[in-house]
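As structure tokens, the structure follows; a few thoughts come after it.
The values are calculated or read from the model by the stated rules, or taken from the named source; none is laboratory data. Quick caveat: nothing in here was measured; it's all calculated off a predicted structure. Using ideal geometry, Cβ is built from the backbone for each residue, glycine included, and neighbour counts are taken over all protein chains shown. In case anyone asks, the SASA skips ligands and DNA or RNA and just uses the protein heavy atoms, side chains included. Shrake-Rupley method; radii C 1.70, N 1.55, O 1.52, S 1.80 Å.
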Amino acid sequence: MLKRFLRPHPVEQPAPSAARPVAIVDIGSNSVRLVAYQGLSRAPTPIFNEKAMCGLGKGVVTTGRLPEEGVDKALKALRRYRALCDMMGVLDIEVIATAAARDAQNGPAFLDAARKAIGREISLLPGRREAELSAFGVISSIHQPDGVVGDLGGGSLELIDVTGDALGKGVTLPLGGLALMDASRRSPREATRIARKAIADAKPLEQLKARTFYAVGGTWRSLAKLHMRQRNYPLGVMHNYRIQTGEAADFAALVEHIDSAAIEDIDVVSTARRPLLAYGAIVLDEIIRRAKPREIVISAAGVREGLLFERLSESERKIDPLLSASRELEGMFARAPGYGDELIAWTDAFLGSSDIDETPEEKRLRHAACLLSDIAWRAHPEYRSERAMNIVTQGPFVSVDHPGRAYLSLAIVIRHEGPDGGAGIGIVRSLLTTRLFVRARILGAAMRAAYLLSASMPGVLPRTSLAMRKGVLALTLPADYADLASDRVLNRLKTLGRLLGSDAVIEIGS
């Protein structure tokens, strides 16, 4: 049973909506990437993602020029991306370039050729602008961030303070993986000296102590992927992966001093990225030494997502992307869209009658779970919990951390499997605090009772109530719904009651 849950499983995605697709082409120092999105929204869904490892920043520090081989690869990639966008019907294309094109003597000539290749104007981002967009990317995808965003590319490192939706003043340092490798002439000791000197004067790091460092960029994501594999981590989602500072420092030190070929599970990192791992580890280690953050959080969102977020209206920016994505999935996959909102109101009233306290974060997770409660109904009954769990654990949700994903998964598995949850519980249990574990079981049992009562059809739950009354769990039905009462419904109420330490009854109103 456990192996059935653990094996890779394709995640269903919503069908394309009427929104016009939008694409970002990012000409970076290490890679050139195209990401096309379904449309401009608070929770944009990628429909195509491709990168070419061109190494434009290789040697720029020592030669002052973009390498000819890298330029040729980049122009070839840009011509392909133009053809792909034409094929997909993407007209809204934004093209940006960063450190390598900014710093190289032949950068202007390359940008002229790149404009012809992609058929669009190219925005050459100053370092401070790049930092701001990285921060917007984090704001768009991590719930209420508080700390410093660090975007490590091939040519530079951008740092900027972020608190909620407020940004500090960004800085850029010449500490990108390729730049540091060239400047140090591949000497780890010299790279450490260079990084330490540059980081010592970085103003954004002065207020980072005991806060969160948000790590953006492919090299740091590769380090995190390697760390995940060595921990045998139960989720494969990179975004919002958290590492406590002490563990991050120890792991960075390991990667710094061991040949990448000798590192266990190095195969999870692309061959092109492996030479940069040690330099990314050096920079991270020096940031930890200098600023002493509480934890490191990996953000898969950065400049590209920041560009999309910046284009939204103020009202659109305030939409909760977790609830937005959950509601979209309900609209695509649930048997009766709209039922989720009724389940939200039903469980709101139930919890309001109980002595179960709930934080704002726990409330938004519960609301998301209600919206996702019936998205797997088309699957065979034996596989519904597996289908739902795969969508939740592997889906492109943002603004939810890994314990939050585990909570959503567990609540929905229990909604299908019952309070024991089957094999699904074992996979996610290690990510949950006891508090979240208990609340996920209670919500799952409540949703399980609601399903049997209403068949997930809208219009039923608003005419019923579930409430704690003098220590007894009571389901009240109107007289014309009396025939919905059954031993099976009562048994599910009793299961929920046992989790609450109470008896359960069904009452028929007038």
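Things worth noting here:
- Flag for Asn232 being farther than 22 Å from Pro174 by Cα and in contact (Cβ under 8 Å) with a residue 40 or more places away in the chain: no
For (1) closer than 20 Å to Arg65 by Cα; (2) among the small types (Gly, Ala, Ser), each residue gets a yes or a no:
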| position | (1), (2) |
| --- | --- |
| Asp112 | yes, no |
| Val138 | no, no |
| Ser141 | no, yes |
| Asp146 | no, no |
| Leu157 | yes, no |
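- Extreme residue, nearest to Met457 (Cα to Cα), among residues of region 422-432 that are surrounded by fewer than 24 Cβ atoms within 10 Å (Cβ to Cβ) and in contact (Cβ under 8 Å) with a residue 24 or more places away in the chain: Gly422
- Top-ranked residue of region 38-72 - restricted to ones that are buried (at least 19 other Cβ atoms within 10 Å of the Cβ) and charged (D, E, K, R), ranked as farthest from Ala109 (Cα to Cα): Arg42
- Set Val505, Val489: member being surrounded by 14 or more Cβ atoms within 10 Å (Cβ to Cβ) and not in a helix (DSSP H, G or I): Val505
- The single residue among Asp401, Asp355 that is closer than 24 Å to Leu461 by Cβ and either in contact (Cβ under 8 Å) with a residue 60 or more places away in the chain or not aliphatic (A, V, I, L, M) (or both) turns out to be Asp355.
- Every test in (1) open to solvent by 20 Å² or more (accessible area, probe 1.4 Å); (2) over 28 Å from the mean Cα position of the chain (by Cα) is passed by Ser123 save one, and that test is (2).
- Tally of residues being among the charged types (D, E, K, R), surrounded by fewer than 24 Cβ atoms within 10 Å (Cβ to Cβ) and assigned to a loop (DSSP other than H, G, I, E, B) across region 371-387: 1
- Candidate set: region 301-325, residues that are touching a residue at least 60 places away in the same chain (Cβ under 8 Å) and under 18 Å from Ile391 (Cα atoms); chosen: the one most open to solvent (accessible area, probe 1.4 Å): Ser324
- Residue satisfying all of: in region 388-416; at pLDDT 90 or above and more than 17 Å from the chain's Cα centre (by Cα); most open to solvent (accessible area, probe 1.4 Å) among these: His416
- Meets criteria (of a type in the set (S, T, N, Q), in contact (Cβ under 8 Å) with a residue 40 or more places away in the chain and under 22 Å from Glu94 (Cα atoms)) for Ser140: yes
- Identification of helices (runs of 4 or more DSSP H) wholly contained in region 152-255 with 3 or more residues that are within 21 Å of Ser29 (Cα to Cα) and touching a Gly at 6+ places or on another chain (Cβ under 8 Å) yields 177-183, 218-231.
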